[in-house]
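The structure appears below as structure tokens.
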Amino acid sequence: MLKKALIVIITAVVFKSFLEYIFGDSSNQSKKTDEKKIFKSNDLSNTGEKLFLAILGNVYDVTTGGKHYKKGGSYDFFVGRDASRAYVTGDFKNDLNDQVEDLAENQIRDIFNWKSFYDKTYPHLGVLEGKFYTSDGQKTDKLLHLEKINQKQINNEKKNSDFQKRFPICNSEWTQEKGITKLWCTTESGGVKRSWAGYPRLVYNPITKQDSCACVNENDLSHPNVKLYPNCEPKSEIRRP
């Protein structure tokens, strides 16, 4: 019995070694799949006919978008570098760099939106060693900080969306001579379809930290962020400044 068991074990080991020789070590294959290719700055420009660019340290092959990115194209200045800053400042002369630390939080969010566009549109090749990734492809503290800002903005967008569904923006009538001449509410004002029209009120939005006209449901008229406009009837659906 012992002899037969040893034969079975030896046969299994030999067979496994044979499969690894023919097909390769599956564990190593999965590790290679997970590994990021690490680029250095000059790698982005030494690409032959390929067109590479980076945003937030992520490298993309934009060759298929050549009409936009090849020399003479409308976005050729993005190629061969990480120009994260210029995506939100619009300064394509002085801001073609990755200096983003001084940008506003909503601008940081916009850069991540641009990154999402590239994720969906072009092949992701790897990461760029430097400000956002280390030499072994790990995220730097600076990138982790930016990701926290981005997530904060995502959360605020959700809160703001929920707030505007509860307090939809008023319809407004505007003329060049007089400015806003009328504010009013309907069951679809603010782009929010609902069963109630509401009453125009000055409402403070704690997410945007701004006051604006919003349509308020009768149940929310006593909300602490809601104020009645001067010289406006409490139950009027129209307000004329």
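General remarks:
- Overall form of segment 70-133 per C-alpha gyration tensor (a/c, 1.5; a/b vs b/c): rounded
- Under 19 Å from residue 71, Cα to Cα: lysines that are on another chain or at least 8 residues apart: 50, 93
- Counting only residues at least eight positions apart within a chain, or on another chain, the lysines with an alpha carbon under 17 Å from that of residue 139 are 36, 37, 40, 115, 131, 148.
- Trypsin sites (Lys or Arg not before Pro) lying in DSSP loop within segment 130-193, provided at most 11 other Cβ fall within 10 Å: 178, 193
- Sites residue 194 and residue 75 - FRET efficiency at Förster radius 51 Å, r taken between beta-carbons, to 0.05: 0.75
- Heavy-atom accessible area with a 1.4 Å probe sorts 74, 116, largest first, into 74, 116.
- Net charge of the neighbourhood of residue 97, taken over other residues with C-beta under 9 Å away and scored Lys/Arg +1, Asp/Glu -1, is -1.
- Chymotrypsin sites (Phe, Trp or Tyr not before Pro) restricted to DSSP loop in segment 132-241 with at most 16 other C-beta within 10 Å: 196
- Under 18 Å from the Cα of residue 227 - aspartates and glutamates, other chains or at least 8 residues apart: 211, 218, 237
- Derived scalar couplings between HN and Hα for segment 78-95 equal 7, 6, x, 7, 9, 10, 3, 4, 5, 4, 10, 8, x, 8, 8, 10, 9, 10 Hz in order, rounded to whole Hz, by the Karplus curve 6.51 cos²θ - 1.76 cosθ + 1.60 (θ = phi - 60°), x for Gly and Pro.
- Kirkwood Rh in Å, taken over segment 31-85 so that all alpha-carbon pairs contribute: 11.7 Å
- Qualifying trypsin sites (Lys or Arg not before Pro) in segment 63-126, where qualification requires a DSSP coil assignment and no more than 16 other C-beta atoms within 10 Å, comprise 70, 71, 93.
The values are calculated or read from the model by the stated rules, or taken from the named source; none is laboratory data. Because the structure is predicted, anything quoted here is derived from the model rather than measured. When we count neighbours, we look across all protein chains shown, and the Cβ atoms used for this are built from the backbone with ideal geometry, even at glycine. Remember, those area values only see protein heavy atoms, side chains included, never the ligands or the DNA or RNA. Shrake-Rupley method; radii C 1.70, N 1.55, O 1.52, S 1.80 Å.
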